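*Asks:* Pasting a structure below so you can have a look.
The values are calculated or read from the model by the stated rules, or taken from the named source; none is laboratory data. Here the structure is a predicted model, which is why all the values come from computation and not from measurement. No Cβ is skipped: glycine too gets one built from the backbone with ideal geometry, and neighbour counts run over all protein chains shown. Side chains included, ligands, DNA and RNA excluded: accessible areas come from the protein's heavy atoms. Shrake-Rupley method; radii C 1.70, N 1.55, O 1.52, S 1.80 Å.
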Amino acid sequence: MEMTFRWYGSKEEKITLQEIRQIPGVKGIVGTLFDIPAGEVWPKERIKALKDEVEAAGLTLKVIESVNIHDDIKIGLPSRDQYIENYKTTIRNLAEFGVEVICYNFMPIFDWIKTDLNYVLEDGSITMSFEGKEILSKTPEEMIKKVEEASDGFVLPGWEPERLSQVKALFDAYKDVDEAKLRENYAYFLKAIIPTCEEVGIKMAVHPDDPPYSIFGLPRIVKNREDLDWICNVVDSPSNGITLCTGSIAEDPENDVYAILAEFTKRDRIPFAHVRNIKYIQGRDFYEAPHLSSDGSLDMVKILQALHDNGFKGYIRPDHGRMIWGETGRPGYGLYDRALGATYLNGIWEALEKTSK
């Protein structure tokens, strides 16, 4: 297991690589080129510059997040083939500079949805939450405006203003895409790119839907154990894997996150894990809790044990953190609480390693 930390780049972050380097046990950066629109090729010189910057700080760059997939691929338009060719070129370019895992998603329009980015907990810390009644009472445009107003001036992954300014047109474009059609288009994409991944040694790792059920009538196809099994079987290759996000899968209480972790780790299909805790409020409503098991509804020891006992050898990062100690920044991506989370997860892993011996 290698502990990593998501970082958006020196032009997009208040957090520095030097600060991340000081978190005990964090070895690598989960990087991105945040300004490249979906569908465009990631240039080699930009990848090299990012790698050089990360390695100069004493960290590694083995995992990349948010090589976003163009909507034409998800919708199944004739133009998808060119965008897929661009994606394959990006895969080759990333592999040339030592990247091993690409985290991505196949969600229509929204990469994730939370209804409150500034949910205040009893101790005064600030986190994100989701309440279904907020979705029912708002249009997509109203939800976009609310998120943008609460984002502290930061662009959020999957909520790029230039793209979502065309949200009505996007909904029109997806009007004939149901779950069956989205699966068909996803299978087409995977069958096209996985041979390239096998050739260059990259593992694709799909992130579960967030939340793992339909919102605004949009289809969801990465939401439960059955969907993950279908994904692994539709292109049966070690290069076709999962980013198992404990928070996203657990957002539907019917999902058994521990059993899912154990099964797909044993099948060697989890090269990357996002480990975070959530606290159920009522039904499917929740807020993002501190990583500590007792502060949320998930048992972090059971989560890491499911990975450890089934041979996990991939990359982990603490997922969203609260804003604590007066910090401000991109919602969910402050330094301090994620640093606490990384240290806590590393402590559990050390205990599992030593007791297993």
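*Asks:* Of the residues that sit in region 264-275 and are free of Cβ contacts under 8 Å to residues at least 60 places away in the same chain and in a loop (DSSP other than H, G, I, E, B), which one is surrounded by the most Cβ atoms within 10 Å (Cβ to Cβ)?
*Replies:* ARG269
*Asks:* Among the residues that make up region 267-276, is at least one of them at pLDDT 95 or above, out of contact with any Asp or Glu (no Cβ under 8 Å at 6 or more places or on another chain) and among the basic types (Lys, Arg)?
*Replies:* Yes, region 267-276 contains a residue that is at pLDDT 95 or above, out of contact with any Asp or Glu (no Cβ under 8 Å at 6 or more places or on another chain) and among the basic types (Lys, Arg).
*Asks:* For PHE154, only one of the following conditions fails: (1) over 30 Å from GLY321 (Cβ atoms); (2) within 22 Å of the chain's Cα centre (by Cα); (3) among the aromatic types (Phe, Trp, Tyr). What is its number?
*Replies:* (1)
*Asks:* Residues that are under 16 Å from ASP111 (Cβ atoms) and open to solvent by less than 30 Å² (accessible area, probe 1.4 Å): find the helices (runs of 4 or more DSSP H) completely inside region 178-263 holding 1 or more of those.
*Replies:* 179-200, 246-250
*Asks:* Any idea how many residues of region 306-318 are outside any strand (DSSP E or B) and either exposed (fewer than 15 other Cβ atoms within 10 Å of the Cβ) or touching a helix residue (DSSP H, G or I) at 6+ places or on another chain (Cβ under 6 Å) (or both)?
*Replies:* 8
*Asks:* Right, here's the next one. So ARG330 ticks every box in (1) assigned to a loop (DSSP other than H, G, I, E, B); (2) at pLDDT 95 or above but one. Which box is left unticked?
*Replies:* (2)
*Asks:* Here is a check on your reading of the model: is GLU199 of a type in the set (Asp, Glu) and more than 27 Å from PRO271 (Cα to Cα)?
*Replies:* no
*Asks:* Counting residues that are under 22 Å from ILE194 (Cβ atoms) and either open to solvent by less than 20 Å² (accessible area, probe 1.4 Å) or modelled with pLDDT of 95 or more (or both), which helices (runs of 4 or more DSSP H) fully inside region 12-128 reach at least 1?
*Replies:* Ranges flagged: 44-56, 71-75, 80-96.
*Asks:* So, one more: Just the residues that are open to solvent by 10 Å² or more (accessible area, probe 1.4 Å) and not charged (D, E, K, R), please, taken from region 281-290.
*Replies:* Of everything in region 281-290, those that are open to solvent by 10 Å² or more (accessible area, probe 1.4 Å) and not charged (D, E, K, R) turn out to be ILE281, GLN282, GLY283, TYR287, PRO290.
*Asks:* Follow-up. Out of curiosity, is ILE278 more than 23 Å from SER125 (Cα to Cα), open to solvent by less than 40 Å² (accessible area, probe 1.4 Å) and under 20 Å from the mean Cα position of the chain (by Cα)?
*Replies:* Spelling it out, it is not the case that ILE278 is more than 23 Å from SER125 (Cα to Cα), open to solvent by less than 40 Å² (accessible area, probe 1.4 Å) and under 20 Å from the mean Cα position of the chain (by Cα).
*Asks:* For region 129-159, name all the residues that are touching a strand residue (DSSP E or B) at 6+ places or on another chain (Cβ under 6 Å) and modelled with pLDDT under 85.
*Replies:* Once the filter is applied, which keeps residues that are touching a strand residue (DSSP E or B) at 6+ places or on another chain (Cβ under 6 Å) and modelled with pLDDT under 85, region 129-159 yields only ALA150.
*Asks:* Another question about this same structure. Name the single residue, out of those in region 129-169 being without any contact (Cβ under 8 Å) to a residue 12 or more places away in the chain and of a type in the set (A, V, I, L, M, F, W, C), that is least open to solvent (accessible area, probe 1.4 Å).
*Replies:* ALA169
*Asks:* Here is a follow-up. Just to be sure, is LYS302 touching a helix residue (DSSP H, G or I) at 6+ places or on another chain (Cβ under 9 Å), open to solvent by 30 Å² or more (accessible area, probe 1.4 Å), closer than 18 Å to SER129 by Cβ and of a type in the set (D, E, K, R)?
*Replies:* For LYS302, the condition - touching a helix residue (DSSP H, G or I) at 6+ places or on another chain (Cβ under 9 Å), open to solvent by 30 Å² or more (accessible area, probe 1.4 Å), closer than 18 Å to SER129 by Cβ and of a type in the set (D, E, K, R) - is not met.
*Asks:* Determine, yes or no, whether ALA173 is of a type in the set (Gly, Ala, Ser), under 26 Å from ASP256 (Cα atoms) and open to solvent by 30 Å² or more (accessible area, probe 1.4 Å).
*Replies:* When the stated conditions are applied, ALA173 does not pass them.
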